[in-house]
Each structure stands twice: as C-alpha cells, then as structure tokens.
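Shown next, in structure tokens, is the structure this report addresses.
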Amino acid sequence: MSTASETIVIPMSKGIRNRERRRRITMGVFFLLAAAFTWLVFAVNLTPNAMTRFVMTPGGSSTVAPDWIFPTGVYLNIIAGICAMLGTFQIVRGFGKRTYSVLALVAILFIFGFLSWATSGGQTNLGGLLRVMVVRAVPLTLGALSGILCERAGVVNIAIEGMMLTGAFVSTVFASLSHSLVIGLLAGVVAGGFMGVIHGVLSIKYKINQIISGTVINIFSIGITSYLSSKYIQRSEFQYLNEPGMFPQIEVPVLSKIPFIGPILFHHNIYVFAMVFFVLFITFLLYKTRWGLRLRSVGEHPKAADTLGINVFRTRYMAVILGGMMAGFGGTYFSLGSSGRFDEVMTAGRGFIGLAAMIFGNWNPIGSMGAGFLFGFFDSLSVKASLLQVPLPSEFLGMVPYLATIVVLAGVVGRGQMPAADGVPYEKE
Amino acid sequence: MSPEKPEQIKKSGIAIFWDEFSRSNLTVIILAILTGIILGGVLVAATTTEVYAAFKVSLWGGLKLAFTTAWNTYVALFTGSVGNPEKIRLAFESGDPLMIRRAINPFFESLVQTTPYIFAGLAVALGFRVGLFNIGAEGQIFIGAITGVWAGYAIHGLPPIIHIPVALLFGALGGAIWGFVPGFLKAKTGAHEVITTIMMNYIAFRLSDWLLKGPMGDPTEYTPKTPWILESAQLPKLFDLPIRFHIGFFVALLMAVLVYLLLFKTTWGLELRMVGSNPNAARYAGIKITMSTVIAMVLSGALAGLAGANEVLGVNHRLIPAFSSGYGFDSIALALLGKSHPFGVILSALLFGFLRNGARSMQLTVGVPIDIVSILQAMILAFIAAPAIIRTIYRLREPKHAEDIVSLQSWKG
C-alpha cells in the first residue's frame, strides 16, 4: 500500500503526477472497455426489434407499478454511448475527485445493460431483484461496519464471520427462552461484543498477530455454536430453544405506497432501516465528532495520538468491542431477521464478504453500503440466474464480489486508502 | 527481556531443572495442549444436563459426575483414535486377520486423517517462514483436488507408476496456480495476501460447485460428483479393507523432509527465511523480495494442492462437494503449533489427525459432538500464539530468547 503521507499536502513530484496520470488513463480505458463490451457483446447480436420487459412490482407486493418495456438495442446503444463519452472525457481531462462516483455510474449502466441484454425477448422481475438486493445487502453492510469500526482504530478484524455466528446463535437461544425478539437481539449484540473483548485481549493486550487472533475467534465460534447446536437446539426435545420467531415486516406509511420504490425500499423488517441508520450514524460519528477523529487518529498514527493524550489501548478496545457488537447485531439478522431459527454455520461466509465490502467501500461506511448493494445484487441475481435468457452459471455471478475485491486490492482501477496503522500492534515506549 | 546476568549463586539440581523447564518453548506447547484439553473437558461437563442434576443432589456427586463425564469423553476420544486396547488384544489372540484389521483400524484411520493435515500444515508453515499468511490453503486444497481428480479419471492408459505421480503433480500444479495469483498480486501490487487468499478461497468453492454440477460432473449421478478415478491413479493401500491407510502418508513425510531441506539446508531456503524474518535486511543483501514472495506462495499452494489431490486419489477416489471440511483453516493452527518447522508440523498434524478421527467415534459412542475438536484447536491456537497467557497461568519464567518464531509482515505488506 502507498504511504500514509497522502493526507499531508506536499508538492506533487513528477513521479506522483505520472502515477496520477496513469491511473486516470487506466480508469478511462476501463470505461471505454465497458462501452465496447456493451456494444460488441450485448448489442451486436440482437434482432432489430428485440424488446426487454422488466416487471417493476416485486412478487407479493400490493403496490403495483406498470411493467417497463423498451427496445433493447436502442437502450444498449445509448448506454454504450454514455460510457464511451465518459471514458473519453476521463482520458482527456479526468473527473478528478468525482472519478469514483463516475465509476459507480458506469458500473450501474453496465450492469443495467447486461440485464437488459440477458432479459431481451423475455422478462425479469426487476422490482423483485432489487428488493432482494436490499435484503441481501444487510448482513454484508453490517459486517463491513463492524470491520470499519475496528480497522479505523487500527485493529484488523477478520473475525466478523465468527462474531456474526455467535450473535446469531445467542440471539436465537435468548429470544426463544424469553419469547422476546428484543431481548434476543440485545443478547446477540452482547455476545458479539464479548467476542470483540476476546479479540481485543488477544490482539491488544497479548499483542498476538491480529489475523491469528481473528482466526482463533472464527474457529472457536464455528466450533462452539455447532457444538451447542448439535448437542441441544437441533434435537427435537430441545426444539423450544430454536424457535425465536422473526421481526415483522414494517410498511413505512405513505412512502411504501410509492410505486416501484416503495416496495423495494420501504417495506422491510427493522434490519434494513437499522442498516441505513447505522451507516449514517457511524459516518457522522467517524467524520464529524471528536470521538471519531480520535478513533481514526489511533488507526492512522497511534504514536502521535498517544502524544496528544489519547489512550491508544482504551480507544482500540472500545473500537473492537463496538465492532464486535455491530457484528453480533448483523448476526442476529440471520436468525431473527431472515430465517427464524439457527442452523449450523448459517452465516456461510457472509462475514468475509462483509470484509470484502469494507475494502471495496474504501473503509468508509457509505462506500461499504454501496459495495453491500453491489454484492447483494449479484447474490440476488445468482438466485435468479436460471430465469435469464442467456446461459450464465449462478456460480460465476456468485464469484463477482470476490473477483471485484481482488481487482480493487490490486489497484487495477485506483487504490483504496486503508488506515495507515491497520494491523500494527501498538507498543508503548 | 533483559539480557541474562551470569548466575553467580550455586543452584540446586531441581532449581536448574525448573529454570530450564520453565523457560523452554516445549513446556509452553505441552501446557497449551494440556490446558486446552482440560478446558475442553470442563466445557463437556458444563454442557451435560445430568451433571447439573447431580450438583443439585450434592456438590461432591456433581464434581464426581463432571469428572467422569469429561474422563469418559476423552477415553472415547482416545479409543476412537488409536483403538481399544482390549479389543486389539482379543483380536490378536484370536488370530483372525479381519478382526485384527478392524481392531487396529482406528489407529491407521487417524493416520489417514493426519495426511492432508501434514500437507496443508507444511503449506501454511512454509508461508509463515517467508512472512506470508496463506489463509487460502482451503481453496488451494479444493483446486488441487479438482486438478488431481481430473488427471485421475481423464488420463487413460498410463501404468500406476506413472499415473499416480502425474495425478499428484496435477494436484500440486492446481494448488500452485491458486497460490501464484495472491503471490503475484502481493509482489507486484502489494495487495495483502490475507484478503486475496480469502477471496480466492470463495472463488475456488464456487468454481468447484460449478465444475461438479457441469463440466466435471458424472452424468449418471443425480447429485454433483465427479466420475470415479481410474484404478491406476489410486494411491496404493498397504492393507486390506477396512483399513484405508495409503501411501499418501509417506508422500507427506517425504514432503516434510523436502521442505526441511529446502528451508534449512539450501541457500535458496536461507534467502526465503531471511525475507520472512527481516525483509529489509534481505533487501540490502540483494535478495529479490518479489521473487521470493511469488515462489513461496507457489510452493505453499502446491503443498496445499497435494493435500487435496491426496484426499481424492487416496481416500475418496472421486470429488464430492464440500469434501475438505476445514483442513485448510485448521492447518493455520497446526502450523503455529508446530512452530512453522516441518517436523513440528508432522507432530501437530498427528495430534490434529488423531483428535479428528477420535472425535468422530466419540460422537457416536458418548454423544459429544465432533465440533469439540474445533473448540480445542481454537484454544490451543490462542495459547500457542499468546504464550504469555500460559506463562501467567503456570507462573513460568520468561524465555531466554524471543519466542515469536512467526514474524509476519504487517497488514500493509
């Protein structure tokens, strides 16, 4: 990764300017490739009057929107044209600070083009696809938020998966015993926080490698939840321990009646709303409060923070525990928000995709939610892959988040800015 | 850790022994394993309903039952992993070869479980030695199994003496490719191998799902499976059924020796280790860090790939979904337990293999879920990684040398 000096204003050397230029051009070429791909692969083989039909009403929704029918070829040509224009502008002038927003736009256009092409001659329920996308984004975004809280303070957290699993298990048992979803939820959050404490003690107090500490928590969480699960809650005589119930769907008044948007965004259980709330809240905390500045300074330059009187260890403990609680909360989504029971290893790697979403979102809550939506979209699409008009194995759609993260990490299209002291144990002198 | 002052005062023999014993790394390792096992026993007792019932009657009765519960669990674990001594004695007395094989089967089955652990543990250990955290052994195992099984069923007309090495080589090659990508990305762009290998894991899982359902699936089966490998590609078994013990174990031992020779007896190995322990010094010494990184990841991937190939060629003889069940992740704990030394890896692989196999029959006989093994492994890993915990619990002395044998490059690489 590049050095931490990016935040300090220094006169641009020739090398940096060259690198900037190279990145600008790479990005532009990337946009042009999207245009070319849309043109040559999607648009070229279409019959002239092929139509795309998007159903805009998610299944089971009472708010009906008319279907969206359009000529595929025309739209694809427009998309390719816009991408080509953006690419040309990027190569010649560059979008500067807006590059990533433009990248997101190009990505959305490209995906839309792909979907139009894949639907051409048939129909796809776009409303349902997007609604599922929003739901699937929840655990990924909450996992990413957990990672952000930890890593912004300089502690790498690859234990999101384990923390989530613990949260899912504990919330199931507590909600089943108390017959209260709220108590279950709180118990799951506390359990996640407890895992955060373990991560903190191992990696901050004993200074063991944070990745090893995370691995310990992952192995332990999978072990203990599966152990207790197969010993108790999966057995029929203890069935009552595995009936937590589920949070009901909430229809936001008025807003949920907006056609298309309403059912997609405003008719969910509390987790979707909580996700949006936490993303905004943590963004505010991190970037607009003294607390957030301190937390970030500990992740960027702990020694300097220490000199200024910030207690590095305490800040890191707090961050890791909060991160654990966030992951625990995300874990309760699986049991109380999505399936209404606990199953062994039910998180199924979502914690790791959350980690990927964090990186993809550049260690930033809003960016991570964007990544969560993107990954959630491919998750949603992979379920429906068999309904598309083109043969595309769902497994390949499922790979997209991982491939995208590798591409981002490798800096093919610009490079993320990870906290400078991420993963480095702090030694007080 | 202040430098030791020369001891002037005469010490008794016991004191000297205690001093040495207390500072030794081996003590910490043994105590870590013991502590893990004790805590595991406590957990088993604490999750048994009968124990609570006994505690309600009397404290002593409760303690006694708690102890017997834990004890019986570990007895079941032991007999499950090495065999029931009584049964073995009876079998040998009767002289019936089938009975003997059945009686000694648990022991050899444990070795069968140990074999992939050795390969995967070597893979992770090799990475550690070069300062790389190969968390992607699991994915490399999958890819190695895929390429290995393909070579096993698709290449026809070779005699076993050629077919087996070819199939193993394919497995190693598959794993090597999966290791090369993160290694290359790390060397060229600085992308941290922990994240890239995690991502490569999931890509491997998806890829194998797809291959099993589609191109490599056996069309005559309803569930996704590959065809059976040819007999010429099967790793020879040393005994008749039910013993599944095959020569893969010896291939694994051979690999451990080769890794040892490479790391500790060649200049090349010295360079690799130097990159791991002090990359700056290595750079000043003119060692190409990027090259070493790529080579280490390729070798590491190849070893993990062998683990996968070994499983399909020696045990399963075909590839089924989710066949690995966590060898790759366990091997991280295993490599650390073995202090990233090839021979240490063999010992800890034996421990893990016996635990895993014993746990399976323990689940059947005393009803303690197999997942207790993961819990034990996690605890042992925590104690090994943080020796300070063990040293505090048992009031051991500080070691003379820093004991952190694994010096990983920081997150930023």
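Name the single residue, out of those in segment B:301-329 being part of a helix (DSSP H, G or I) and of a type in the set (Phe, Trp, Tyr), that is surrounded by the most Cβ atoms within 10 Å (Cβ to Cβ).
Step one: list which residues in segment B:301-329 are part of a helix (DSSP H, G or I), which gives B:301-316, B:327-329.
Narrowing further to those that are of a type in the set (Phe, Trp, Tyr): B:327, B:329.
Values: B:TYR327: 25, B:PHE329: 22.
It comes out as B:TYR327.
Check whether at least one residue in segment B:369-376 is open to solvent by 20 Å² or more (accessible area, probe 1.4 Å) and assigned to a helix (DSSP H, G or I), and report yes or no. Explain how you work it out, then say what you get.
Of segment B:369-376, the ones open to solvent by 20 Å² or more (accessible area, probe 1.4 Å) are B:370-371, B:374.
Restricting the remaining residues to those that are assigned to a helix (DSSP H, G or I) gives B:374.
Yes, because at least one residue in segment B:369-376 is open to solvent by 20 Å² or more (accessible area, probe 1.4 Å) and assigned to a helix (DSSP H, G or I).
Got a number for residues in segment B:252-266 being free of Cβ contacts under 8 Å to residues at least 60 places away in the same chain and open to solvent by less than 60 Å² (accessible area, probe 1.4 Å)?
Pass one, segment B:252-266, residues free of Cβ contacts under 8 Å to residues at least 60 places away in the same chain: B:254, B:258, B:261-262, B:264-266.
Pick out the ones that are also open to solvent by less than 60 Å² (accessible area, probe 1.4 Å) and you get B:262, B:264, B:266.
Qualifying residue count for the region: 3.
What's the number of the only condition in (1) open to solvent by less than 10 Å² (accessible area, probe 1.4 Å); (2) at pLDDT 90 or above that B:SER340 fails to meet?
So the condition that B:SER340 fails would be (2).
Taking the options A:ILE25, A:ILE78, A:ILE91, name whichever one is over 30 Å from A:ALA421 (Cβ atoms) and without any contact (Cβ under 8 Å) to a residue 40 or more places away in the chain.
On the way: A:ILE25 fails: without any contact (Cβ under 8 Å) to a residue 40 or more places away in the chain; A:ILE91 fails: without any contact (Cβ under 8 Å) to a residue 40 or more places away in the chain.
Exactly one residue qualifies, and that residue is A:ILE78.
Among residues belonging to segment B:214-236 that are under 12 Å from B:VAL149 (Cα atoms) and among the β-branched types (Val, Ile, Thr), point out the one that is farthest from the other protein chains (Cβ to nearest Cβ).
Once the filter is applied, the top-ranked residue is B:ILE229.
When you go through (1) modelled with pLDDT of 90 or more; (2) farther than 17 Å from B:TYR327 by Cβ; (3) facing chain A (nearest Cβ under 10 Å); (4) open to solvent by 10 Å² or more (accessible area, probe 1.4 Å) one by one for B:ARG129, which number turns out not to apply?
In the conditions (1) modelled with pLDDT of 90 or more; (2) farther than 17 Å from B:TYR327 by Cβ; (3) facing chain A (nearest Cβ under 10 Å); (4) open to solvent by 10 Å² or more (accessible area, probe 1.4 Å), B:ARG129 misses (3) alone.
Taking A:GLY376, is it under 21 Å from B:TYR202 (Cβ atoms), open to solvent by 20 Å² or more (accessible area, probe 1.4 Å) and modelled with pLDDT of 90 or more?
Working: under 21 Å from B:TYR202 (Cβ atoms): yes; open to solvent by 20 Å² or more (accessible area, probe 1.4 Å): no; modelled with pLDDT of 90 or more: yes.
No; evaluated as a whole, the condition is false for this residue.
Mind telling me which of the residues A:VAL182, A:VAL190 ends up being touching a residue at least 24 places away in the same chain (Cβ under 8 Å) and away from chain B (no Cβ under 14 Å)? Reasoning before the result, please.
On the way: A:VAL182 fails: touching a residue at least 24 places away in the same chain (Cβ under 8 Å).
After ruling out the rest, the residue left standing is A:VAL190.
Could you list, ordered by first residue, the pairs with Cβ atoms under 9 Å in which the first is in segment B:169-197 and within 13 Å of chain A (Cβ to nearest Cβ) and open to solvent by less than 10 Å² (accessible area, probe 1.4 Å) and the second is part of a helix (DSSP H, G or I) and among the aromatic types (Phe, Trp, Tyr), at least 6 apart or interchain?
As it stands, the answer is B:THR197/B:TRP178, since those pairs meet every condition given.
Can you confirm whether segment A:188-197 contains a residue that is modelled with pLDDT under 95 and over 19 Å from A:ASP343 (Cα atoms)?
In the first step, residues of segment A:188-197 are kept if they are modelled with pLDDT under 95; the result is none.
Scanning segment A:188-197, I find no residue that is modelled with pLDDT under 95 and over 19 Å from A:ASP343 (Cα atoms), so the answer is no.
With the condition being aromatic (Phe, Trp, Tyr), I'd like the helices (runs of 4 or more DSSP H) fully within segment A:7-122 carrying at least 3 qualifying residues.
Of the helices (runs of 4 or more DSSP H) lying wholly inside segment A:7-122, those with at least 3 residues that are aromatic (Phe, Trp, Tyr) span A:14-37, A:99-119.
It is to be established whether one or more residues within segment A:141-148 are at pLDDT 95 or above and among the polar types (S, T, N, Q).
yes
Quick one: is A:GLY292 buried (at least 24 other Cβ atoms within 10 Å of the Cβ) and either touching a residue at least 24 places away in the same chain (Cβ under 8 Å) or assigned by TED's automatic domain parsing to the domain that holds A:ILE158 (or both)?
Details: buried (at least 24 other Cβ atoms within 10 Å of the Cβ): no; either touching a residue at least 24 places away in the same chain (Cβ under 8 Å) or assigned by TED's automatic domain parsing to the domain that holds A:ILE158 (or both): yes.
For A:GLY292, the condition - buried (at least 24 other Cβ atoms within 10 Å of the Cβ) and either touching a residue at least 24 places away in the same chain (Cβ under 8 Å) or assigned by TED's automatic domain parsing to the domain that holds A:ILE158 (or both) - is not met.
Looking at segment A:300-319, can you tell me whether even one residue there is closer than 17 Å to A:ARG136 by Cβ, within 14 Å of another protein chain (Cβ to nearest Cβ) and over 11 Å from the mean Cα position of the chain (by Cα)? Step through it out loud before you land on a result.
Narrowing segment A:300-319 to residues closer than 17 Å to A:ARG136 by Cβ: none.
No, every residue in segment A:300-319 fails to be closer than 17 Å to A:ARG136 by Cβ, within 14 Å of another protein chain (Cβ to nearest Cβ) and over 11 Å from the mean Cα position of the chain (by Cα).
Here are some residues: A:MET418, A:MET399, A:MET358, A:MET369. Which one is within 14 Å of chain B (Cβ to nearest Cβ), of a type in the set (A, V, I, L, M) and more than 15 Å from A:CYS150 (Cα to Cα)? Walk me through how you get there before you give the answer.
Working: A:MET418 fails: more than 15 Å from A:CYS150 (Cα to Cα); A:MET358 fails: more than 15 Å from A:CYS150 (Cα to Cα); A:MET369 fails: within 14 Å of chain B (Cβ to nearest Cβ).
Answer to the check: A:MET399.
Looking at B:SER277, is it open to solvent by 60 Å² or more (accessible area, probe 1.4 Å) and either under 24 Å from the mean Cα position of the chain (by Cα) or at pLDDT 95 or above (or both)?
On the way: open to solvent by 60 Å² or more (accessible area, probe 1.4 Å): yes; either under 24 Å from the mean Cα position of the chain (by Cα) or at pLDDT 95 or above (or both): yes.
Judged against the criteria, B:SER277 is a match.
Residue-by-condition table, conditions (1) more than 12 Å from chain A (Cβ to nearest Cβ); (2) among the basic types (Lys, Arg); (3) more than 23 Å from the chain's Cα centre (by Cα); (4) open to solvent by 10 Å² or more (accessible area, probe 1.4 Å):
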residue: B:GLY353; (1), (2), (3), (4): yes, no, no, no
residue: B:LEU364; (1), (2), (3), (4): yes, no, yes, yes
residue: B:GLY367; (1), (2), (3), (4): no, no, yes, yes
residue: B:PHE383; (1), (2), (3), (4): no, no, no, yes
residue: B:ALA388; (1), (2), (3), (4): no, no, yes, yes
residue: B:LEU396; (1), (2), (3), (4): yes, no, yes, yes
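Each row is one residue, and each column tells you yes or no for (1) modelled with pLDDT of 90 or more; (2) touching a Lys or Arg at 6+ places or on another chain (Cβ under 8 Å); (3) open to solvent by less than 50 Å² (accessible area, probe 1.4 Å); (4) not in a loop (DSSP other than H, G, I, E, B).
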position: B:TYR222; (1), (2), (3), (4): no, no, no, no
position: B:PHE250; (1), (2), (3), (4): yes, no, no, yes
position: B:TRP268; (1), (2), (3), (4): no, no, no, yes
position: B:LEU299; (1), (2), (3), (4): yes, no, no, yes
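Got a number for residues in segment A:195-254 being more than 11 Å from chain B (Cβ to nearest Cβ), surrounded by fewer than 17 Cβ atoms within 10 Å (Cβ to Cβ) and part of a loop (DSSP other than H, G, I, E, B)?
Number satisfying all stated conditions: 8.
Would it be correct to say that B:ILE162 is of a type in the set (Val, Ile, Thr) and either open to solvent by less than 10 Å² (accessible area, probe 1.4 Å) or outside the structural domain of B:PHE249 (by TED's automatic domain parsing) (or both)?
Values: of a type in the set (Val, Ile, Thr): yes; either open to solvent by less than 10 Å² (accessible area, probe 1.4 Å) or outside the structural domain of B:PHE249 (by TED's automatic domain parsing) (or both): no.
No, not satisfied.
How about segment A:215-243: which of its residues are under 30 Å from A:SER203 (Cα atoms) and free of Cβ contacts under 8 Å to residues at least 60 places away in the same chain?
Step one: of segment A:215-243, the residues under 30 Å from A:SER203 (Cα atoms) are A:215-229.
Passing the criteria: A:THR215, A:VAL216, A:ILE217, A:ILE219, A:PHE220, A:GLY223, A:ILE224, A:TYR227, A:LEU228.
The values are calculated or read from the model by the stated rules, or taken from the named source; none is laboratory data. A quick note: this is a predicted structure, and the numbers were derived from the prediction, not measured. Glycine also receives a Cβ, built like all others from the backbone with ideal geometry; neighbour counts cover every protein chain displayed. Each accessible area value is taken on the protein alone, full model and side chains, heavy atoms only, with ligands, DNA and RNA left out. Shrake-Rupley method; radii C 1.70, N 1.55, O 1.52, S 1.80 Å.
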